[in-house]
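The values are calculated or read from the model by the stated rules, or taken from the named source; none is laboratory data. As the structure is a computational prediction, the values presented were derived from the model and not from experiment. Ideal geometry is used to build each Cβ from the backbone, glycine not excepted, and the neighbour counts take in all protein chains shown. Accessible surface areas use protein heavy atoms only, side chains included; no ligands, DNA or RNA. Shrake-Rupley method; radii C 1.70, N 1.55, O 1.52, S 1.80 Å.
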Amino acid sequence: MKSISILGVFVADLCFIGDRIPSKGQTILGKKHVVGPGGKGSNQAIAAARLNGEVSFITKIGKDSHSEMAFNLYKEAGVKTNSIIQDEKLFTGVAGIMIDKDGNNAINVVSGAAEHLVAEDIDNKIETIKNSEIFLTQMETPDEITIYALKKAKEHKCITILNPAPARKIDEGNFKLIDFFTPNETEAEFYLNKKIETDSDIKNAADEFLNKGVKNVIITLGEKGIYFANKNEKFFLESYNLRQPVIDTTGAGDAFNGALAVGLANDLDIKEALNFANKVAGISTTRLGAAASMPFAKELENN
Ligand code: RIB
């Protein structure tokens, strides 16, 4: 199995569950409150490790009760932590998450210590990237660090996956650094600056990303599944048929990306890797929480 390095953010998710997500200026009475581990990169690392991936996580974190939560989580999941920089002068990030009765969410992330990652930190942890064959990242770390790390990962011949969430600007010349690009529909709309509504819009959007230099595009479509395109093949895949109701979609994209990395690490063919990632993402939506909702490999057989 190939090894995986993941650059990203850990935050403590403060989740408020209620009938609806309050609108601007509104106060509502919620039903439940949960504090748990989150942050896209960290969630992806947990997803991959629980699926038996060999995973190193690269981030910056504070020294407080939230960082303790993170280290306990990594220990339990078997994520390698030697590339986590701890700075006691900084605070570990937090996210406020509102969840409605159908599992939809609205999220505000304050990345905290991880906002202070600098290129030198990546250089100091370069062995981790160098020793991995797959490099996965998102857009929660500072833009210049995301791009710097992608460049380094390419220099060291890694397969790169960019989950462009939350959507933030990528300079045109940098799309060529991306082997697998995994926007959802909203993120794809942001990058192409146009509405994506129909199947043909989705297909055209994927072609535009390929023209920008991305090697493989996966547009995730929530309950509708995904669309995959590279220069040789293009297809839609339906989402996994769930046996339980959806209760919280937070982290479903992370489950997908972590599982995709494991599928590629195991040299699955692309359709198999995507079906595997769809299944893992689907199962994660039937549980509350982000990192907490990631299934273990052995659970996949019974789901
Ligand atoms: O993708 C879900 C994650 O986004 C949450 O865990 C939250 O922390 C934000 O980073």
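Determine the percent antiparallel among the DSSP beta bridges restricted to the chain, to the nearest 5.
Around 45 percent antiparallel, to the nearest 5.
At 0.36 nm per residue, minus the direct Cα-Cα distance, what do Ile28 and Asn124 gain on full extension? Give it in nm, one decimal, please.
29.9 nm
Considering only protein heavy atoms, what is the solvent-accessible area of Phe236 at a probe of 1.4 Å, reported in Å² to the nearest 10?
Probe radius 1.4 Å; accessible area of Phe236 about 80 Å².
Mind giving me the FRET efficiency for Glu208 and Asp269? R0 is 25 Å, r the Cβ-Cβ distance, nearest 0.05 is fine.
Plugging the Cβ-Cβ distance into 1/(1 + (r/R0)^6) gives 0.50.
How large is the Kirkwood hydrodynamic radius of the chain, in angstrom, based on all distinct alpha carbon pairs?
It works out to 19.1 Å.
Going through region 15-88, which trypsin sites (Lys or Arg not before Pro) have at most 12 other Cβ atoms within 10 Å and a DSSP loop state?
In loop regions of region 15-88 (DSSP not H, G, I, E or B), the sparsely surrounded trypsin sites (Lys or Arg not before Pro) are Lys24, Lys31.
Give me the base-10 log of I(q)/I(0) for region 185-265 at each q in 0.13, 0.14 Å⁻¹, Debye formula, one uniform scatterer per Cα, rounded to two decimals.
The Debye formula, applied to the Cα set alone, gives -0.44, -0.51.
Between region 240-268 and region 84-115, how many Å separate their Cα centres?
21 Å
May I ask you to derive the relative contact order of region 236-291, considering only C-alpha pairs under 8 Å and at least 6 residues apart, and to give it as an integer percent?
Computed value for region 236-291: 54 percent relative contact order.
Mind jotting down the three principal axis lengths of region 91-184 based on Cα atoms? Whole angstrom, largest first.
Result, largest extent first: 45, 30, 24 Å.
Roughly speaking, what is the stretch gain from Arg243 to Glu88, that is 0.36 nm per residue apart minus the C-alpha to C-alpha distance, in nm to one decimal?
Extending this stretch completely gives an extra 51.4 nm.
Using a Gaussian network model of the chain whose springs link C-alpha atoms within less than 10 Å, name the residue from Ile61, Ile134, Ile202 with the highest mean-square fluctuation.
Among Ile61, Ile134, Ile202, the largest GNM mean-square fluctuation belongs to Ile202.
Along region 205-217, what does the Karplus equation 6.51 cos²θ - 1.76 cosθ + 1.60 (θ = phi - 60°) give for ³J(HN,Hα), rounded to whole Hz, x for Gly and Pro?
After applying 6.51 cos²θ - 1.76 cosθ + 1.60, I find 4, 4, 4, 5, 5, 4, 5, 6, x, 5, 7, 9, 10 Hz.
With +1 assigned to the C-beta of every Lys and Arg and -1 to the C-beta of every Asp and Glu, and no other charges, what is the dipole magnitude of the chain about the Cα centre in debye, to the nearest 20?
Using only the charged Cβ atoms, the result is roughly 160 debye.
In percent, how large is the relative contact order of region 172-294, given Cα pairs closer than 8 Å and 6 or more residues apart?
Result for region 172-294 is 20 percent.
Need one number: convex hull volume per residue for region 27-107, Cα atoms only, in Å³.
Convex hull of Cα atoms, per residue: 115 Å³.
Compute a Gaussian network model of the chain, connecting alpha carbons closer than 10 Å, and tell me which residue from Ala119, Ala259, Ala47 fluctuates the most.
Ala119
Give the long-range amide H neighbours of Ile178: residues separated by 5 or more places, or on another chain, with amide H under 5 Å away, using H modelled in the peptide plane at 1.01 Å from N.
Residues meeting the criterion, in which the H sits 1.01 Å from N, are Lys215.
Run the numbers on the chain and let me know its relative contact order in percent, using alpha-carbon pairs under 8 Å that are six or more apart.
20 percent
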